[in-house]
Amino acid sequence: MARHAEQLEREDALSRTIALVNDKGGVGKTTLAVNLAGQLAAADFTCLLVDLNRQANVARDLGYRDTPSDDHGRNLFDAITGRSALLPIPGVRPGLDVAPGGTELDDLVAWMVTRMGREGPAANLALANALSPVAPNYDFVVIDSPPEATFLVDLCLYAAHWILIPTRSDGAGLDGMENVAKRFNVAKQYNSGLSLLGAVLFGTGVRSTSIHDEVRAQLESAFGGDSPLFSAFIRFSEKTAQDGRRLGRLAHELEEDLAAQPAWWQELRDGKRGSRISSTAASVASDYRDLALEVLTVLREAEEAAETMPSAEGAQ
């Protein structure tokens, strides 16, 4: 009974935790996680972004890599392993705190293997236990999961209430999505609140409607017929992606930079030949706004349905 109460308390604390997962790398998980969290914070929600990736590209995307506040994942490792409380970097953006990742997470898989040998699948609750004390301080918690690291992805599945699956339209991205579906059902035995928020196409063509239909069919096959593919998608723009990572700027921040950028002929006249923000930044920023709005809409509808469920049962 006490264990059940503890589980319900943990799941309630993490009820607005969204993990971006896909077993395949290169499908846009980090870029989506950073920009989704940034959009939510820009809309006046408080948000915690958790970087569970040793590559720590979140630090590059948000511009804090190798600053004094970047501990390369040491505090996150200590929090997951029970050595200390989670202490995110405050105010990386207004309303956005970050639990950094990095090379200090290298030993986490070995720690998980040892812990699994003692506790079995329940060991996968370690991230949930680290997050649950701080999650109520935020409107949303967004987790960026690492690619091709089964133990660490399972940590995300056992901690999140919602999973959002980024995928490209190629076979490898879709295979990674199907692999997540298999472990999703196992994780629900320990994290009963776990639900599929949906899948989102990343780096796709604006007019690739037939490809989008194929992805929707594969998503339904993997998770069941009630599996949403978001209508919002992130279009392909290599230059905007490069600009963001080079400058440590989010898509909507690049959009602002673009609006303030002098015309090319003015720079030429003044003898300035610096690197310019791509004009596609505005379109990509619009895609992320559409995605954030759709995420909020789906969450609101799900929460409203959950609130009416008890009264509906009582009326029967």
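The values are calculated or read from the model by the stated rules, or taken from the named source; none is laboratory data. Because the structure is predicted, anything quoted here is derived from the model rather than measured. Don't worry about glycine lacking a Cβ; one is built from the backbone with ideal geometry, like all the others, and counts go over all protein chains shown. The protein model used for the area step is the full one, side chains on, heavy atoms only, and it has no ligands, DNA or RNA in it. Shrake-Rupley method; radii C 1.70, N 1.55, O 1.52, S 1.80 Å.
Miscellaneous remarks
- Residue-normalised accessible area of the chain, expressed per residue, 1.4 Å probe, Å²: 47 Å²
- Taking ARG118, ARG216, ARG235 in turn, the Gaussian network model of the chain (Cα-Cα springs below 10 Å) assigns the largest fluctuation to ARG118.
- Computed over protein heavy atoms with a 1.4 angstrom probe, the accessible surface ordering of LYS182, LYS24, LYS29, largest first, is LYS182, LYS24, LYS29.
- On Cα atoms only, tilt of 251-260 relative to the major axis of the chain in degrees: 20 degrees
- Stretchable slack from ARG83 to ALA217, in nm (0.36 nm times residue separation minus alpha-carbon distance): 43.8 nm
- Prolate/oblate/rounded label for the range 1-53 (Cα gyration tensor, a/c 1.5): oblate
- Relative to the dominant Cα principal axis of the chain, helix 238-247 is inclined by about 80°.
- 5 Å binning of all Cα-Cα separations within the range 19-141, expressed as whole percents from 0 upward: 2, 11, 21, 23, 22, 13, 5, 2, 0
- Total lysine pairs whose alpha carbons fall under 21 Å of each other in the chain (8 or more apart, or interchain): 4
- Protein accessible area in the range 115-219, 1.4 Å probe - carbon and sulfur %: 48 percent
- Semi-axes of the equivalent ellipsoid for the range 64-223, Cα gyration tensor, largest first, Å: 29, 20, 15
- The listed residues ASP71, ASP12, ASP290 rank as ASP12, ASP290, ASP71 when sorted by accessible area, largest first, using a 1.4 Å probe.
- Compared with the dominant Cα axis of the chain, that is its longest principal axis, helix 150-159 is turned about 70°.
- When the chain is treated as a GNM with alpha-carbon contacts under 10 Å, the residue of ASP106, ASP287, ASP66 showing the greatest mean-square fluctuation is ASP66.
- Here the chain is treated with +1 on each Lys and Arg Cβ and -1 on each Asp and Glu Cβ, and its dipole about the Cα centre works out to around 800 debye.
- Cα gyration tensor shape for the range 83-123, rounded if a/c is under 1.5, else prolate or oblate: prolate
- Fluctuation leader among THR31, THR280, THR114 - the chain, Gaussian network, Cα springs under 10 angstrom: THR114
- Rough spin-label spacing in nm, given labels placed 7 Å along Cα→Cβ, for GLN242 and ASP175: 2.9 nm
- Among (i) 20.0, 76; (ii) 19.9, 64; (iii) 24.0, 77, the entry derived from the coordinates for Rg and Dmax of the Cα atoms in Å: (i)
- The chain - mean residue ellipticity at 222 nm from DSSP helices (-39,500 (n - 2.57) per run, n ≥ 4, rounded to 500): -16000 deg cm²/dmol
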